[in-house]
Structure formats: C-alpha cells, structure tokens
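Derivation of every value follows stated rules applied to the coordinates shown; laboratory data play no part. Every value quoted in this text rests on a predicted model; they were computed, and no experiment measured them. Cβ coordinates were reconstructed from backbone atoms using ideal geometry, including for glycine residues, and neighbour counts include every protein chain displayed.
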Amino acid sequence: MSSNLSVIDQRNIEVDLSLPHLVHHIPGRARFRIYSLQDDSDYAANLEQFLLAQPQIIHVRINTFAASIAITYSYRGSSPTEITSYLMKLLQQAATSELVTSPSSEKPTSEIESWSNLTLPVFTTVISWLSNQSRLLWLRPIAITSLLAVTLPIFKRASQSLISDRKINIDCLDLLAVGLSYGQGKLATPALVITLHELGDLIRERTARSTETQTADLLDAIGHFAWVLREETPVQIKSDQVQPGETVIVYPGEQIPVDGEVIKGVATIDQQQLTGESMPIVAQVGTVVYASTLARSGQIYIRADHVGNQTRAAASLEMLQNAPVHDTRMANYASQLADQLILPSLVLASVVLAITKEPTRAASILTLDFVTGIRVSMPTAFLGALNHNTRHGILVRSGRTIELLAEVDTVVFDKTGTLTQGQLTVVGIQTIPGRMSAEQVLTLAAAAEQRIAHPVAEAITNYAQNQNIEIPRRQKWNYEVGLGIRAIVESQKILVGSDRFLVQEGISLECLEQRTLPLRHSCDLKQKSATSEWLSLIYVACEGELQGVIQYADPLRLESPALIESLHASGHSIHLLTGDNPQRATIVAEELNIPLNQVHAQAFPEKKAALIRDLKLSGKTVAFVGDGLNDSVALAYADVSISFANGSDIAREIADVVLMNDDLASLAEALNIAQETKNLIEQNTLLVVAPNLMALGLASTVGLNPLIATVVHNGSAIAAGLNSLRPLVQHQWEEKNTGISSNH
C-alpha cells in the first residue's frame, strides 16, 4: 500500500457480500461497501447514528444507491491495517446494535387545530336550536353571543372584499342571509349555514397538498466531496470548490462530481440517474462523463470542464426550480359558481324585497344560493377519491390532481424503470450443439461472475441462483473493465465477456457466423426473431472453445403491455421519452405498439422538459410517468406527474401521484377513479342546482317559508354530500364482502 492511497484490488481478494469491505483508504478517510445499505433504509440511518456517536468519528456520508459509506476519522493507529481493522469492527458492531426509531403516533398539531375550528359553529347550531324551546329560552343570550362570534370571520372577509378588493363575494351574500334571518329572530338557520360552510372549507383544506414541492440540494445530486489531484497528492474538497481544469479522481462506488473528459483509467459508469440509459458505459481516455453518474467499477482521472452550477445535473435542477408552480389546492368549483350567482341573487332578493316588503322572501332567496351544497359535496367527492386511491396503493397529493387526471389526454412514459423493469435480466441461453448444456454454461458463467460489481454479472448470478444451481467456487480471476473476466473454475479456464474480449483471447466465433444458434434454455418471455436487435449478448468460453451465449435485456414490466393497450382503448395518446439509445427505444415501442413518431430517444432532462412544454402548448393535458433524477424536470413541467415509491427521492417529492405498490397497472385505476369523480361532481351539481332552482322560483313568485327554503337548501347539500361518499362506501362494502368470501 502507498502511504497516501490504499486501494483494495478486487481482483486479488474474495469478498463476502454479507460483510462490509474496504473500497479505498487514505489517511483520515475510508470508504466501505455494504450491500445491505441498498435495501434497508432503517439500517442506514441507524448505522450513521451509531458511528457519529463514536468519539473518533468526525463525519459519515452514506450513499445507498452505491451501497457505500465514507467515514472521516481522527483515529491515530500504528498502521493503516490497524485503522481499517478498527473501522471494520465498528461497522460490524453497528450491524448488531438495536435499531433506534422514534415513531410518533400523535396527530400533527395543525390537523387537530383544523378540526377544532368546527367546535364553535357546531356548538352555536345546537344551542340556537335548543334556545327555541320554551323551557330553554334562558339560553338565547348565549346563542346570540355565540352566533355573533361565528359570524365575525364572515364579516371580516366581506368587509375586506368590499373595502380592499371593491368586490362583492360569497361572504357578502352569506352575511346578508345571516343578517336577515337574525333580524327575524331566527338563530338556528344561520348557525347551521355557517357550520356547513366551515365543514366544506375544512374538507377542502384537507384535500389540499400539505407541503410544497421540495427540490434536491445540488450537492446531494452531484456528491458533497471530490478528490482533486494537487501536487501529485489526492486532496478531498467540497465538490463545488473544484476549479475548472483540475484533475478529479473517482474511485469505485463513488459519484462523479464534475462534467469532464477522462484523461486516465477505465471505469464502468452507470448513467441511469442522469440519462435513464439502462446499460452502463465503459469510460476510458477521451470519454466525456457527467456529474451525478456513478462509477460502478474501475478508477478514472477526469479533467474538470464544468463544475458546480455549470454541470448538466445542476442545470437540470435549476430548470426544476424554475418550473411553473401551480396552486395545488383543488380548483374550487363552488367559488367559481358563487361568483357568477352572487350579483343575480342579490338583485333578485332586492327586487322581491322592494315589491313584497317581506324580508322573509328576500332571506329565502339569499339562503337558496346554490353554493353551500357545492361547497360541501365537491370537497367530499375529492376526499372520497383520495381515500379510494389510497386504499388501492395510490398516493394522490391533492384534489386538483384528480381534476387534471380526469382531463389527461396524453401520457408520456419514461422507458427504463418505468415501462421496463429497470434492471438487467437473463432471458435466454444459446448453446452450440455437441458442446456444453445450457445449465453447464450458466454454472460456469455464474461462478466466474460471482461477487463482481457489474449489472450483467449480478444478472447472471441472480439468474443462476433462481434456477437453484449450485455455483462452484472460483479459484483465480482477473476482471478487465469493459471487456470481461478470466477465471479458473474447477481447474478449467473460463472466459466470460464481450465478443471482442473472446476474439482478443484467441477464441473463434465462426460457429456463430455460420448459422443461428438454437435456443436451448430461456425464460418465459416473448422472443424476437431478430435476436441481435432485441437482446444483448455475453459470451462464455471454456478451455479455449466457445460454449454458448447468454442473452440478457432490461425486460418490460409484466403489466406494461396491458396498461398501454388500455390507454389506447380509452383514447389516450402515448409517447415514449427516454435517455436511452434509439435502437432500444424503438424495440420497446414496437413491443408496446407505441407509434414510432411518438418515440423520443437520447433525451437529456432539458429535451424532456421541452417536449412536455411543446405538448402542453399544442393544447394537450399531459401526464408524465418517470422514476429517476433525469425525469425530475419533465415531472415538474407536466400537468400531472406520476412516479413510484421506489423511484428517486426527488421524483417522489415532485410527483403528484405516487404508485406506492410500484405497480404500473395502478395508473389505470387512478385514471378511472378520477373520471368517476368527475362524473360524481356533475351529478352533485344537478342534485344541488335543480331543487334550489325550483325553490328559488317559488320564493320569487308565490313566496316560500324560510324554514322550507332552509330544508331544501340544506337537504340538497346533504344529499350531494352523501352522494359524494357513495363510491367510497360502496368500495368498502365490496372489499368487506370480498374479504368474507375469501375467508370462507
């Protein structure tokens, strides 16, 4: 080991995946890879807390995506080996320590306060009704005082609208109706109206999005630190302090902190978070790499061309921050309708009062304002829809989102991880007649590739394990980044890698050129006739002779074809938008019957955002479905943004809809619920407007008792409110019966 830099070379050390292992180590800082960090967020949080409690630990940074942890320490051991041993011991102790959690079962204070806003109106309604009883007349002063108290907020809002905005709003109408009823000595009627208004407002607030979109910090996207070569010594500095032209070193498992050109070394770079491309690239001298991408294996030196705010990742985040931000509260149909009816109602009440000299008729007209029922029923419909979605594993953040989902006519999908599974999978094995069987080929390949941090290697090993194949031990091995691996397995020399690698090692591939190999073993997936276009290949040779080819791909989600077919049937226009190359994008589009003129490949975030804007400018209502950092800008610009629970943190924060079960098919359910809610709102409007309109005609002509007007008015509101809850109650009943049937 060098005194300045210690790198554990994975070509010479066997690694147990159940234990942490050292990636690199310089005085004062060490990086370990712990694979369980990728799957257990609680363990990651506990690990950080445990380490920071140790007096020698200065700083801990965990990258769950890379399954790595960087530890900055002040421990002074006698040798690097002693320090490494000490840190390894701490990591193992943390794995066995009790998990520290602090769950809170208490409701947020704001939620409790919201419900408490109904206390006084409900009390006023009850006590006003009781004060009408002859035996309880002594309650009347309390009822009057309470009614004045609940009317005060309406008075303030009406005054502000008249004085500041110079506009008559619904509060002015409410205040007049309350005043006329109160002037006639009626207390229960205005109290009940105010209570219903407060209930509608509360439900509306609860359907609003509780927090604004949070965007990721720039340093979280491109990494907090960078290793810069200064005076021939690696120095760790903050990533935004790197100077253009400096040489940045990126070690295995680290995020690249700058945009620049590789000037030394070879590494496998995973660009999925930035470009969405499922296949890693091999970066070597002359390759341009980007900040926020991940070095899966290998070590490279990069000339920093763009740093900090000038990187492509930073530009994407800046576009995200400048994306149009909508008021996420659901569109208030009641207010819109109220604005249109305020002046006609006021004029009609004044005319009737002037002609008949009867305040009762005027109060009846003002009571029949069409608005209270809509105020209650529409928010209730949205609240029911939100709950219905939740019961189906769909998180919808606001009522406005449900409105827009019902209007969506264009759905744009990311490819990798959205329509596809987002991870490489073995889909078949081709063997050469007269040589090894498919199982033997797979066994040797898995033995050679075991414990190699590369997506293809992981896919082969996982597939062998799923086939219950016993993987033999590997004696010696040597991995060449971007080519393949040499290994000794059961005293046989095995080569697993690209065709270029095998040719370089003197292996003949003529048998592949002479004829198409028969498929000996495959998954139950649809096979394309043009195998070279549909699948990627990795070659397996033993003792200098080609034995077979392993086919792998990023397969479609099982639910993708049915979903796309359903969307086509319902008249939605489908677009495919991906950072992947055109060939792979075209293959996926053909599999899903997406028109090729609606396929957009090699799209960086700014191009994705531009396409979304263009579709919206053409009059489309656009939903975008994506899961990665590279999708964040498009998600922000779409009318409705949709992501998955296992998507990137920033995608989940931006998304209006989160598919909590990671099931793409639930998107169709969300669209159906939204359409059902739209139909429900139309029914509620009819339930409210029709009886109130007939009552208004009677009140204006022959006259109508205010009590009857109140019954019609509040009765229609209650009927509409119950209708809003009908789908939710119906679905709960169906689920209950289904549960009973399944138990029997």
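Taking a ≥ b ≥ c as the square roots of the eigenvalues of the Cα gyration tensor, region 572-672 is rounded, since a/c falls below 1.5. Taking R0 as 30 Å, what's the FRET efficiency between Gln93 and Asn462 from their Cβ-Cβ distance, rounded to 0.05? For R0 = 30 Å, the calculated efficiency reads 0.50. Amide H to amide H, with H built 1.01 Å from N, Gly428 comes under 5 Å of Cys523, Gln551, counting only residues 5 or more places away or on other chains. Note on Arg157, Arg230, Arg135: ascending count of other Cβ atoms within 10 Å places them as Arg135, Arg230, Arg157, the fewest first.
Extension gain, Asn309-Arg140: 0.36 nm per intervening residue step, less the Cα-Cα distance, totals 54.1 nm. Ordering of 342-352, 22-32 by packing is 22-32, 342-352, highest average first (other Cβ atoms within 10 Å, averaged per residue). Any of Lys156/Lys186; Lys167/Lys608; Lys89/Lys476; Lys238/Lys264 with alpha carbons more than 32 Å apart? Name them for me. In this structure, Lys167/Lys608 lie more than 32 Å apart at Cα. For Asp627, no residue has an amide H sitting under 5 Å from its own, ignoring neighbours fewer than 5 places away on the same chain, with H placed 1.01 Å from N. The alpha carbon gyration tensor of region 554-630 gives principal lengths a ≥ b ≥ c with a/c of 1.5 or higher and a/b no greater than b/c, which makes the shape oblate. Relative protection proxy for 469-476, 486-493, from highest mean packing down: 486-493, 469-476 (other beta-carbon atoms within 10 angstrom).
Close amide H pairs (under 5 Å, H built 1.01 Å from N) link Leu577 with Phe413, Asp414, Lys415, His600, residues at least 5 positions away or on another chain.
Residue exposure proxy: Glu682, Glu403, ordered by other Cβ atoms within 10 angstrom of their Cβ from fewest to most, comes out as Glu682, Glu403. Between Lys616 and Leu509, residue separation times 0.36 nm minus the direct Cα-Cα distance comes to 33.4 nm. Once both labels are positioned 7 Å from their Cα atoms along Cα-to-Cβ, the gap between Arg726 and Tyr86 label points is 7.3 nm. Each label point is 7 Å from the Cα along the Cα-to-Cβ direction; what then is the distance between the points at Lys167 and Ala690, in nm? Going by the 7 Å Cα→Cβ label model, 3.3 nm.
Counting beta carbons within 10 Å around each of Ser161, Ser570 and listing the fewest first gives the order Ser570, Ser161. Computed from the Cβ-Cβ distance with R0 of 56 Å, the FRET efficiency linking Lys357 to Leu558 stands at 0.15. Using the average count of surrounding beta-carbon atoms within 10 Å as a protection proxy, the listed peptides 451-461, 594-604 rank, highest first, as 451-461, 594-604. Full extension of the chain between Gln602 and Arg473 yields a length gain of 42.4 nm, computed as 0.36 nm times the residue separation minus the alpha carbon distance. Spin-label pair Lys678-His59: with each label point 7 Å from Cα along the Cα-Cβ axis, the two points sit 5.1 nm from one another.
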